[in-house]
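S.K.: Starting off with a structure, shown below.
Coordinate-derived values only; no laboratory data. Fair warning: this is a prediction, and the values are worked out from it, not measured in the lab. Cβ placement follows ideal geometry from the backbone for every residue including glycine, while neighbour counts extend to all protein chains displayed.
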Amino acid sequence: MINFSYTRAGSVAEAVGAKSKANGAGRFIAGGTNLVDLLKENVERPRQVIDITRLPLATIEEGPNGGLRLGALATNADTAYHPEVQRRYPALSRAILAGASAQLRNMATNGGNLLQRTRCYYFYDVAMACNKRRPGSGCPAISGQNRVCGVLGTSDQCIATHPSDMCIALAALEAVVRVSGPQGERTIPFAEFHTLPGDTPQIENTLAPDEIITAIDLPESPYAEHSVYTKVRDRASYAFALVSVAALLELDGDMVKSARIALGGVAHKPWRSPEVEALLTGKTATKENFLPVAAALFHDARGYEHNAFKIELGKRAVVRALQLATKGTASIRDVNGQTADA
Amino acid sequence: MSALKSIFGKDVDTTSSTYLGKPTSRVDGPAKVTGGAKYAAEFNVPNLLYGYIVSSGAARGTIKSINTAEVEKVSGVVKVLTHENAPKTAYLDSSHRDQLASSGGAPFRPLYKAELEYSSQPVALVIADTFEAARYAASLVKVEYEVAPHETDLRANMGKAHPPTVTRTGYVSAPKKPRGNPEGAYDAAAHKVDVEYSQPIEFHMPMESYASTVAYGEDGKLTIYQKTQGVQNCQEYVCSVFGLSSSDVQVISPYMGGGFGSGLRPTYDIYLSVLAATALRRSVRVSMTRQQMFSFSHRPEAIQQFKLAANSDGMLDAVTHTAIEETSQNEEYLETVVNWSGLLYNCPNVMLSHQLVNLDLASPADMRAPGAVTGLYAYECAIDELAYEAKLDPLAFREKNYAEKDQNEGKLFSSKELREAYRQAAEKFGWSGRPLEPRSMKKGSDLIGWGMASGSWEASQGKAAAKLVLTPDGKLVVSSATSDIGTGTYTVMTMIAAEFSGVAIENVTFELGDSSMVYAPVEGGSWTVSSVGSAVKTVCQELRDRLFKLAGKVDGTPLGDTKIGDVTFANGAMHVTGNPVKNVTYAEALKAGKIDKLELDTTELPQLAKQATHALYSHSAVFAEVSVDEDLGTIHVTRVVSAIAGGRILNPKTARSQIMGAIVWGISMALEEEGMLDDKVGRFMNHNYAEYHIPVNADIHDIDVIFVPEHDEVVNPLGAKGLGEIGIVGVAAAVTNAIWHATGRRVRSLPVTLDKLL
């Protein structure tokens, strides 16, 4: 077995202290749905595993300014099925339910969801080079099997994507990540939480090595009536997104007051472009007006041998998501509270 | 049929049966759902060592060095075996050829030489006293390679295609000479298609990963608990490779968590476990990881070219079919791919060719209807294209060109109710309303399409034996060294034994999966019921003869001078038909004969003389409905109706499950499965269940299975053709044809993923 020491943190301060002490070789474990896989594949080899499951961070409660606070240790399932999440942030509920399987969602936590690693095949196969796993070793995905890889914000070093569904909705909702570290608490706007690969693909977010996510704050949202999460994938369930779109509209009649669009499956982070979203402001919610927005979102996209189709697919998915959002959240709710997969 | 009966003597009992033809639940079901069923990696023996396989990261080249310095420091590590220190096994390649190996070639030998044959091949085995220690230590093995250029790209190497140079059991080579004049007929024809179809490498994907637990006896004898579809094939292989006597090797495999052909040939885990056990004189278990399940066999990639033509009446007039498949450098894997195209429809002008390209990959292996599923996927798509060229409904085209005999061999079919299968499936599906033109049906933003295809598979029978033991408590135990790969062998053999012995089914036990049992061939090719079932039937009939003779010794001779033909055997007793009072129980018969335990065994051979004059095949008619999101390209197979003409159906319950499962695999083949090979590194990159897609529940909708009655006295004494393969054949074509009908797009490469429809 991989020998690591195991500690159970009794408090957030203890967790932070233990992580700090492990000096980069420590990992928090909560649901373990990603870390255990990575341990088995020898991708992660922590010397210290810090169990945070007993920390009092599993609640979902009212947040400041009419928002909702999601505890970092609340499970994905409890979050998705929470009545206030379903009522006020339906795209988030659907995004979570579009991911993984019921069993995994029962184990996976909100904090862990933000920190899951890419599903790039080369990252997962330790016999292969990977700049993310072994900086400087190269990126065979760029010229290899890159169907699951990104088309936006990629670099010469890495074209991996962030695999989360939940995070796409969180990005669109402009959630705020609350973290705790040796210097106390701070907040990170969602757009600044995940990073692009650039020359340091091994760095995936702006969380310091000795910080812990304690909660995710959802601000009050005017989008509940027109919120969708559209996920396009290679099978109807239990598959990562080829392209996914969280689309939120604030409508006045058929006029768009404001729009939020976040893309999944295409980049190293949930992809947003507020200036492109702004193109919709004041326009009527019609396909004709959605098309240029979709095109603008993918204007700088770069496709690779096996994933160039994501550019066209992504545009179509954006249009579809905006059309569904226009129709209204209620109109697309099926018995499971899930959208149809397209 | 009466004529057949007079020629062939024994009748096929299809009328008054007690068990056969009645839906029967799996006799092994309770053991499986309660965890009582033990699989190869679950047999624990004292002082077991655990071997963990280190796999190669390069496809071709030489192992320069294997550094195990760090490994040996790990507490619990007993030994690291590599090509440098592994004990030598049999020298000759022929000693490494199992029952299903090709006649030439050099089967892969793990830890045999420094030269690499393919990426992910085993290069070391770390043996430790716990699994965890072995696994961790294996991660510390440092292998350095002198990498050499590899070739894994079939298309880039098409120029190296060559006809097979060897043979293999079950392989039917393409007819050497063309039938008629296909080129001339093609040139002159009114309607033509000239198309190429391709399909990727697919993997078997059983849930249970391969494992081998070798119990090393005090006397040096080996008891091997092995995941395999052929315990005797494994036993022979181990004896041959390691120079052991058959009395010193017993292979046991009572259950199998799916095989799909991957366990027909011995897998490298058994080689490694026996290598370690004999080297260390200890009990050893070696099991594969999920990733390693992608490292020893696969369905070969295929590129198939067709030139088909029909005359102005829509009669098929020319078929040219060339299939090019990959194989490894060390073996020619052979499956029958093209012959189906000369068989399925009437056609006077046919030319068929099957070729191979050697690549730096593991040898392919039989997988789910090997050959037929490949050949008929592409042929049935091409036929669909031709039917449309001729502006004929695809079903009408097939009915018009229906083959009443096997033109490859010039033989009549022993039975072929394909026409009836078409009729019943089409009716159930509602095919008659189908518009000829594609893109004619819509539902919301979805395009709807209907497609169909035919399937065929050979109904073969091999030599097999069965043994029975009847004890005075009325219990009957029947055994044969076959397997149950999840298909229901335990159940159907129990039913056959009960039917023909007259012992009530609850008093019958069928045992299998032990090389010390009487002979059975590997479980594959849909021939287990036909082969082993026929042997079970015969031995049980012999039991009745024997018991009837013993009944004559019972005091008072209750059966009098009744002839055996007038005696009913039921519920463990014989009685004069129509007069249950005049009876003798089996226990009384045994007692009268002073027999404590009645043992009989028999070996059943196929009735070659009568089989040779006929073509023996099962058939299917598959109809599929798809809905395709016009903008996003997502595809759902919303309905499948499959009618199977597979001879007599012995257990309709498991038969239905088997066909449903096969249809799911067909949908899987059509839409999802693809071994993603990175030709630059010569390695499969999606080697896990998350990324190698097979269907989930949400992908599967309505599936309807119809069994079309067939009476066949030629295939075997049971009249059953076997259902292991036929269910998948044609499904991928039906789905692909439906996608065309929905979208107007002919996607000629599998899987049909949404990007191909954008």
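S.K.: Whole-Hz Karplus ³J(HN,Hα) for region A:105-119, in order, using 6.51 cos²θ - 1.76 cosθ + 1.60 and θ = phi - 60°, x for Gly and Pro?
M.R.: 5, 5, 8, 5, 10, 5, x, x, 4, 5, 9, 5, 8, 5, 9
S.K.: Project the alpha carbons of region B:218-329 onto their principal axes and report the range along each, largest first, in whole Å.
M.R.: If we take the Cα atoms of region B:218-329, the spans are 76, 29, 28 Å.
S.K.: Past the 20 Å Cα-Cα mark, which pairs from B:Lys32/B:Lys221; A:Lys132/A:Lys269; A:Lys257/A:Lys287; B:Lys475/B:Lys582; A:Lys231/B:Lys442?
M.R.: Distance filter (> 20 Å) returns B:Lys32/B:Lys221; B:Lys475/B:Lys582; A:Lys231/B:Lys442.
S.K.: Starting from one equal scatterer on each C-alpha and no solvent at all, send me the Debye-based log10 I(q)/I(0) for region B:572-693 at q = 0.10 Å⁻¹, two decimals.
M.R.: Taken in order of the listed q values, log10 I(q)/I(0) reads -0.73.
S.K.: Still on this structure: Plugging the Kirkwood radius over Cα pairs into Stokes-Einstein for chain A, at a temperature of 37 °C and a viscosity of 0.692 mPa s, what D comes out in µm²/s?
M.R.: Here the translational diffusion coefficient equals 162 µm²/s.
S.K.: Please list, in chain and number order, the residues 5+ apart from B:Leu361 or on another chain whose amide H is under 5 Å from its amide H, with Hs placed from the backbone.
M.R.: Here the answer is B:Gln329, since their amide H atoms fall under 5 Å of that of B:Leu361.
S.K.: Oh, and also: If the cut-off is 22 Å between C-alpha atoms, which lysines fall inside it for B:Lys405, apart from same-chain ones fewer than 8 positions away?
M.R.: B:Lys5, B:Lys176, B:Lys177, B:Lys416, B:Lys610, B:Lys721
S.K.: Going Cα to Cα from B:Lys113, which lysines come in below 19 Å? Please leave out same-chain ones fewer than 8 positions away.
M.R.: Answer for B:Lys113, where 19 Å is the Cα cut-off: B:Lys64, B:Lys79, B:Lys88, B:Lys142, listed by chain and number.
S.K.: Also: Taking springs between alpha-carbon atoms closer than 10 angstrom, which of A:Tyr238, A:Tyr223, A:Tyr121 fluctuates most in the Gaussian network model of chain A?
M.R.: Maximum among the listed residues: A:Tyr238.
S.K.: Using only C-alpha positions, report the orientation-averaged shadow area of the convex hull of chain B, nm², one decimal.
M.R.: 34.3 nm²
S.K.: With the cut-off at 11 Å, report for region B:264-310 the share of all Cα pairs above it, as a whole percent.
M.R.: Looking at region B:264-310, the distances longer than 11 Å represent 75 percent of pairs.
S.K.: Okay, next question. When the distances between all Cα atoms of region B:454-545 are binned every 5 Å from zero, what whole-number percent does each bin get?
M.R.: Percent of pairs per bin, in order: 3, 16, 27, 24, 16, 8, 4, 2, 1, 0, 0.
S.K.: Also: What pairs in B:Lys467/B:Lys594; B:Lys192/B:Lys756; B:Lys73/B:Lys680 have C-alpha atoms more than 31 Å from each other?
M.R.: Those over the limit are B:Lys73/B:Lys680.
S.K.: If you average the C-alpha positions of region B:160-192 and of region A:257-308 separately, how far apart do those two centres end up, in angstrom?
M.R.: Region B:160-192 and region A:257-308 have Cα centres spaced 53 Å from each other.
S.K.: Right, next: If I model a spin label as a point 7 Å beyond the Cα along the Cα-Cβ vector, how far apart are those points for A:Ser101 and B:Ser103 in nm?
M.R.: 4.6 nm
S.K.: Next question. May I ask you to evaluate 6.51 cos²θ - 1.76 cosθ + 1.60, the Karplus curve with θ = phi - 60°, for each residue of region A:242-257 and list the ³J(HN,Hα) values in order in whole Hz, giving x for glycine and proline?
M.R.: Using θ = phi - 60°, the values come out as 6, 9, 9, 9, 9, 10, 10, 10, 10, 10, 10, x, 9, 9, 7, 7 Hz.
S.K.: Report Rg(Cα)/(2.2 N^0.38 Å) for region A:1-155, keeping two decimals.
M.R.: My calculation over the Cα atoms of region A:1-155 gives 1.18.
S.K.: Using +1 at the Cβ of each Lys and Arg and -1 at the Cβ of each Asp and Glu in the protein assembly as shown, identify which of A:Ser227, A:Val256, B:Val492 lies farthest towards the dipole's positive end.
M.R.: It is B:Val492.
S.K.: Something else now. Along the charge dipole of region B:395-460, pointing to its positive end and built from +1/-1 on Cβ of Lys, Arg, Asp and Glu, which listed residue (B:Ala459, B:Phe397, B:Gln407) has its Cα farthest out?
M.R.: B:Phe397
S.K.: Please report the relative contact order for chain A, taking Cα pairs under 8 Å with a sequence separation of at least 6, and give it as a percent rounded to a whole number.
M.R.: 17 percent
S.K.: I've got another one for you. How large is ³J(HN,Hα) for each residue in region B:646-660, as worked out from phi by the Karplus curve 6.51 cos²θ - 1.76 cosθ + 1.60 (θ = phi - 60°), to whole Hz, x for Gly and Pro?
M.R.: Karplus values, whole Hz, x for Gly and Pro: x, x, 6, 9, 7, 10, x, 6, 6, 4, 4, 4, 4, 5, 4.
S.K.: In square nanometres, what is one fourth of the surface area of the convex hull spanned by the alpha carbons of region A:224-328?
M.R.: Across all orientations, region A:224-328 yields a mean hull projection of 6.5 nm².
S.K.: While we're here: Using +1 at the Cβ of each Lys and Arg and -1 at the Cβ of each Asp and Glu in the protein assembly as shown, identify which of A:Ala330, A:Pro292, B:Ile505 lies farthest towards the dipole's positive end.
M.R.: Among A:Ala330, A:Pro292, B:Ile505, the one farthest towards the positive end of the dipole of the protein assembly as shown is B:Ile505.
S.K.: Find how many whole Å separate the alpha carbon centroid of region A:120-140 from the alpha carbon centroid of region B:566-584.
M.R.: One Cα centre to the other: 74 Å.
S.K.: Related question: Treating the Cα atoms of region B:510-574 as identical point scatterers in vacuum, please give the log10 of the normalised Debye intensity I(q)/I(0) at q = 0.12, 0.24, 0.26 Å⁻¹, two decimals.
M.R.: -0.47, -1.02, -1.14
S.K.: Would you pull out the residues with amide H under 5 Å of B:Met676's amide H, same chain only if 5 or more places away, H placed 1.01 Å from N?
M.R.: B:Met685, B:Asn686
S.K.: Give me, ordered by chain and number, the residues 5 or more places off B:Ile706 or on other chains with an amide H under 5 Å from its own placed amide H.
M.R.: Correct list: B:Ser642, B:Ala643, B:Ile644.
S.K.: Please report the net charge: other residues with Cβ closer than 13 Å to the Cβ of B:Gly410, K and R +1, D and E -1.
M.R.: That works out to 0.
S.K.: Okay, helix-only estimate at 222 nm for chain B: each DSSP H run of n ≥ 4 adds -39500 (n - 2.57), divide by all residues, round to 500 deg cm²/dmol; what do you get?
M.R.: Rounded to the nearest 500, the figure is -6500 deg cm²/dmol.
S.K.: How big is the gap, in Å, between the Cα center of region A:20-58 and the Cα center of region B:341-373?
M.R.: Taking the Cα centre of each part, region A:20-58 and region B:341-373 sit 50 Å apart.
S.K.: Averaged over all directions, how much area does the convex hull of the C-alpha atoms of the protein assembly as shown cover when projected, in nm²?
M.R.: Here the figure is 46.7 nm², rounded to one decimal.
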